[in-house]
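Taking it in order: structure first as structure tokens, then the write-up.
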Amino acid sequence: MKPSIRPLAFSVLGIVTALVIWQVLAEARVAGNALPSATTVFANLASTLGLGSFWSSLASTIGIALLALALSAVAGIVIGLLVGSFESVRYATLAVLEFLKPVPPIVILPLAVLVLGPTVEMSLFLVVFGCLLPIVMQTVDGVQSTDPVARDTARSYGMGEGEILARVVLPSAMPYIGTALRVAAPAALVVTVVAGLLGGGPGLGQSIYQAQAAGDYAGLYGLVIVLGLLGLLFQGATRVAERRVLHWHESYREVVP
Amino acid sequence: MMNVKMRNWLIGAGTPVLLLTAWWLSSENSTDPFFPPLRTILVRFQELWLFEHFQSDVLVSLGNLFLGFAIAAAAGVGIGCATALVPTVRWMVDPLIHFLRGIPPVALVPIFISLIGFGTEMRVASIALAALFPTMIATVDGIRSVSNDLMDVARVYRLSRRERLLNVLLPAATPQIFSGLQVSLQVAFIVMIASEMLGSSQGIGAMTLLAQQSFMTADMWAGILLLGVIGFLVNVLFGLLKHRVLSWYIGSRRMARAA
């Protein structure tokens, strides 16, 4: 066996083994009806793929996650530039940001559901709440790390404050912002699902809740598999996007031998 | 110079106080059912959590959180080591790990409910499984990024496999492992709340959601406040632990930067 094939072969072997174990456990009925067999789940999933309701749930999950991500990115970068540029603003917000940062959006979910109801707005609000702060804090770090020599050089070339911000500070903060967005994109998907599952917002989270409540275990497992693939897709897509947008930056440049 | 420092410190400490005062004053006569006066919220906070439901709910929640996190930490480092050191294992489990990591951790809760019911086992198991992956992946990355020079030195000194793992690889990987543990802790906290909100009757999350559904807004706010404070404190405590354990690393980084 060629060495380059070996990892791939073992990966396939690993996946097949996991599926076989699953099938055997389900056939042995270790958990009664609660653990459907792999074949049942995939057959059920295949028939679900033909339903319009599945695709509209999938579309609203992706739509909410992306829209909220875009909103948090724009607001987060603007706030981050503002906070990072003025020392007094940074000190004023430090304690509040540090307190709010480790508080996940699920904590304020009851409040959001109470005020906004099980709506798209509720989901959007929760996702923005979850994604905004990390983007703000990374942008602030990025602004802080701007090379003072580059800033002074720009000033001595007669650039105004606005121009320096747009052409020196923002580009040098870009890798930080890129990292923040790469972390925020999968998180946006997770929060969208949480908002649906616990708050009744539209999307796949709600479908999971309904499947669980109705005892449709095959449907439940199928939806979780779809979410796993969707999560992989989000992670992969953001990594590619980050490389593309930041290809000029030294930490992303490819070394040509 | 001193003046600027003093001013910044004052601004930093003053803003939160100012915000809380503003909340207190603006909500003082509030009749809005969604936003009760802060005074009412604090009174309910004291009545609920100090200490009527402390043992029955707060301690239960925290116990599940720490048990689940401890299991995840031990298993994550253990499986991570095995995965990093044995290529065959790595090739076999890599795609599965990435797939499982892609699943939102909270979506695993309904599966655990259907498998083992609504009890404490379900909550601990969901927390442990969801929190496993960040630690495990960080352990694999940490061990695999240990420099070859270090391993060569270990080989020259004829360290045994065991010594190499315990005295060279694991210490060198601790900074990354601790970053993974911190993410795991945050995930564990989220799943703790989610597992209580999904059809359980015990725990802070359950009480908060129940209060919301029965329109007892002050109770709901008290729950949100407590969860926020716990989330913050747990993170701070972990930060202190990390600082202690990694003091050698932080010191060496500072030296390297000064040089």
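The values are calculated or read from the model by the stated rules, or taken from the named source; none is laboratory data. Since this is a predicted model, take the numbers as computed values, not measurements. As a convention, Cβ positions derive from the backbone with ideal geometry for all residues, glycine included, and neighbour counts pool all protein chains shown.
Can you tell me which residues in region B:65-123 are in a loop (DSSP other than H, G, I, E, B), over 26 Å from residue A:10 (Cβ atoms) and within 12 Å of chain A (Cβ to nearest Cβ)? Passing the criteria: B:104, B:117, B:118. When you look at residue B:62, is it hydrophobic (A, V, I, L, M, F, W, C), at pLDDT 85 or above and farther than 19 Å from residue B:135 by Cα, yes or no? In short, yes.
Could you list, in sequence order, all residues of region A:79-89 that are under 19 Å from residue A:172 (Cα atoms) and of a type outside the set (S, T, N, Q)?
Residues of region A:79-89 that are under 19 Å from residue A:172 (Cα atoms), as a first pass: A:79-87.
Selection gives A:79, A:80, A:81, A:82, A:83, A:84, A:86, A:87.
The number of residues in region A:201-216 that are assigned to a loop (DSSP other than H, G, I, E, B) and within 14 Å of residue A:127 (Cα to Cα) comes to 3. Of B:237, B:209, B:227, all but one fail to be without any contact (Cβ under 8 Å) to a residue 60 or more places away in the chain and surrounded by fewer than 21 Cβ atoms within 10 Å (Cβ to Cβ); the exception is B:237.
Going through A:210, A:206 one at a time, which residue ends up being of a type in the set (S, T, N, Q), within 28 Å of residue A:38 (Cα to Cα) and buried (at least 18 other Cβ atoms within 10 Å of the Cβ)?
A:206
When we screen A:21, A:64, A:5 for residues that are under 30 Å from residue B:234 (Cβ atoms) and β-branched (Val, Ile, Thr), the only hit is A:64.
Restricting region B:1-37 to residues that are away from chain A (no Cβ under 14 Å) and not polar (S, T, N, Q), which is nearest to residue B:213 (Cα to Cα)? Within region B:1-37, the match that is nearest to residue B:213 (Cα to Cα) is B:37.
Would it be correct to say that residue A:12 is within 13 Å of chain B (Cβ to nearest Cβ), part of a helix (DSSP H, G or I) and closer than 24 Å to residue A:195 by Cβ? No, not satisfied. For region B:21-70, residues that are more than 30 Å from residue B:183 (Cβ to Cβ) and aliphatic (A, V, I, L, M) total 8. Going by the structure shown, is residue A:164 assigned to a helix (DSSP H, G or I), modelled with pLDDT of 85 or more and within 14 Å of chain B (Cβ to nearest Cβ)? When the stated conditions are applied, residue A:164 does not pass them.
Applying the criterion of being more than 11 Å from chain A (Cβ to nearest Cβ) and charged (D, E, K, R) to the residues of region B:202-259, the residue that is nearest to residue A:100 (Cα to Cα) is B:242. Annotation note: of A:73, A:26, A:43, A:59, the sole residue that is under 17 Å from residue A:135 (Cβ atoms) and either among the aromatic types (Phe, Trp, Tyr) or assigned to a helix (DSSP H, G or I) (or both) is A:73. Cβ separations smaller than 7 Å between residues 6+ apart or across chains give the following pairs from region A:225-238 residues that are over 24 Å from residue A:37 (Cβ atoms) to residues that are modelled with pLDDT under 90 and basic (Lys, Arg): A:238/A:182. Restricting A:83, A:96, A:113, A:107 to those that are within 8 Å of chain B (Cβ to nearest Cβ), in contact (Cβ under 8 Å) with a residue 24 or more places away in the chain and not in a loop (DSSP other than H, G, I, E, B) reduces the list to A:113. Here residue B:155 fulfils each of the conditions (1) surrounded by fewer than 21 Cβ atoms within 10 Å (Cβ to Cβ); (2) under 25 Å from residue B:250 (Cβ atoms) apart from (2).
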